[in-house]
Structures are given as structure tokens and as C-alpha cells.
């Protein structure tokens with residue numbers, strides 16, 4: 001059964017949160033792990049909106065911390081599906097931090113995650129194709145195959161490391 005393709009925008013998920021004292025380290029900046037949890041959560045919502053079925057995180061590519069996020073700032077995490085392959089989806093994430101007093105904003109983080117859709121038995125299930133509508137979406141979509149190949153090679157190396165060092 002062929003599923004109808006969906007626009008990237010149909011999967012867009014956005015979350016804004018205030019950075020509070022429990023979210024920060026001894027430098028007064030947001031814990032990286034806390035940001036990763038937000039990224040995974042918003043990305044999973046984007047994947048769910050695209051697949052309309054249960055999903056699991058399969059991988060997280062390089063997560064680039066471009067600038068620190070400090071106590072009292074907000075972070076807005078935006079995610080959407082950029083590419084879909086048979087059962088998997090690539091999600092692009094952009095994190096913008098804002099000083100709400102001065103209204104200064106900057107991109108503090110970008111990431112790519114891969115999610116796999118699951119059927120009612122927990123097995124990988126088919127997802128719709130995705131198509132871009134904007135120039136930014138088009139650029140992300142066109143480069144997705146190359147990123148997928150890099151992911152596949154990285155996964156192979158990870159398996160080799162696990163075999164060698166897995167005890």
C-alpha cells in the first residue's frame with residue numbers, strides 16, 4: 001500500500017521553555033543532557049506527526065553546541081521531517097536561545113535525528129514520503145541521502161567498536 005506523501009511542514013513541532021536553576025550546571029549554563037532530552041522529545045513529536053504511528057529514536061547525528069544557553073534565557077526547539085525512507089525518518093532540529101529581557105536571539109544548536117516507525121507488534125513499519133516546500137527544506141531534503149550514507153557507515157563502525165570493546 002502506497003502512502004500519500006506529506007509536506008515537511010506537516011510534521012513541524014515547536015517547544016519553548018525557560019532555563020531554570022535546576023537545568024543549569026556550575027557554570028550557570030544549560031546542561032547538555034537536558035538540551036538533548038528536549039531535542040529528542042520535540043523530534044519524536046515531529047516523527048509522530050509524520051508517521052501517525054509509534055516511533056523510536058534510532059540515532060542522533062552530531063549535535064553541535066554553537067553557543068552557551070544561560071540561566072533565565074528561553075530555548076525554542078523546532079523540528080521537522082526532512083526525509084523519509086521506507087520505515088525511517090530524518091528529523092532536522094534547530095534550537096534558538098533568546099534573552100527575553102533584550103530580545104536578542106541566536107541559533108545555539110542544530111542536530112539531525114533518525115526515527116523508525118513501529119507497527120502494533122513493535123516491528124518497523126512503512127512511513128509516507130516527504131516533500132519540501134521552501135528553499136531551506138529543499139536544501140535539507142537534497143542532502144539527506146548523503147547524510148544517510150554517512151549514518152550507515154558510522155553505525156557500521158559503532159558495531160565494530162561494540163564487538164571489539166564490548167567485553
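In percent, rounded to a whole number, the relative contact order of the range 6-165 is 26, using alpha-carbon pairs under 8 Å and six or more apart.
For the peptides 55-63, 105-113, what is the packing order when you average, over each peptide's residues, the other Cβ atoms within 10 Å and list the highest mean first? Walk me through the intermediate numbers first.
Values: 55-63: 15.9, 105-113: 18.6.
My ranking of the peptides, most packed first, is 105-113, 55-63.
Label separation (residue 18 vs residue 162): 4.2 nm, computed from points 7 Å beyond Cα along the C-beta direction. Considering only beta bridges that DSSP places wholly inside the range 1-138, some 95 percent are antiparallel. Which residues in the range 42-65 have a backbone N closer than 20 Å to a point placed 7 Å from the Cα of residue 155 along the Cα-to-Cβ line? Within reach of a label on residue 155, which here means backbone N under 20 Å from a point 7 Å along Cα→Cβ, the range 42-65 contributes 43-48, 50-63. When percent of Cα pairs over 30 Å apart is calculated directly from the model, which label among [x] 23; [y] 37; [z] 19 fits? After the calculation, the listed value that fits is [x]. Based on the Stokes-Einstein relation at 4 °C and a viscosity of 1.567 mPa s, and on the Kirkwood radius from alpha carbon pairs, the range 1-74 is assigned a translational diffusion coefficient of 90 µm²/s. The angle separating the long axis of helix 32-51 from the principal Cα axis of greatest extent in the chain is about 40 degrees. Peptides 44-51, 72-79, 17-24 ranked from most to least packed, by the mean per-residue count of other Cβ atoms within 10 Å: 44-51, 72-79, 17-24.
Only the coordinates and a few stated rules stand behind these numbers; no lab work does. All figures in this text were calculated on a predicted structure; none of them were measured in a lab. With ideal geometry, Cβ positions are generated from the backbone for all residues, glycine too; neighbour counts draw on all protein chains shown.
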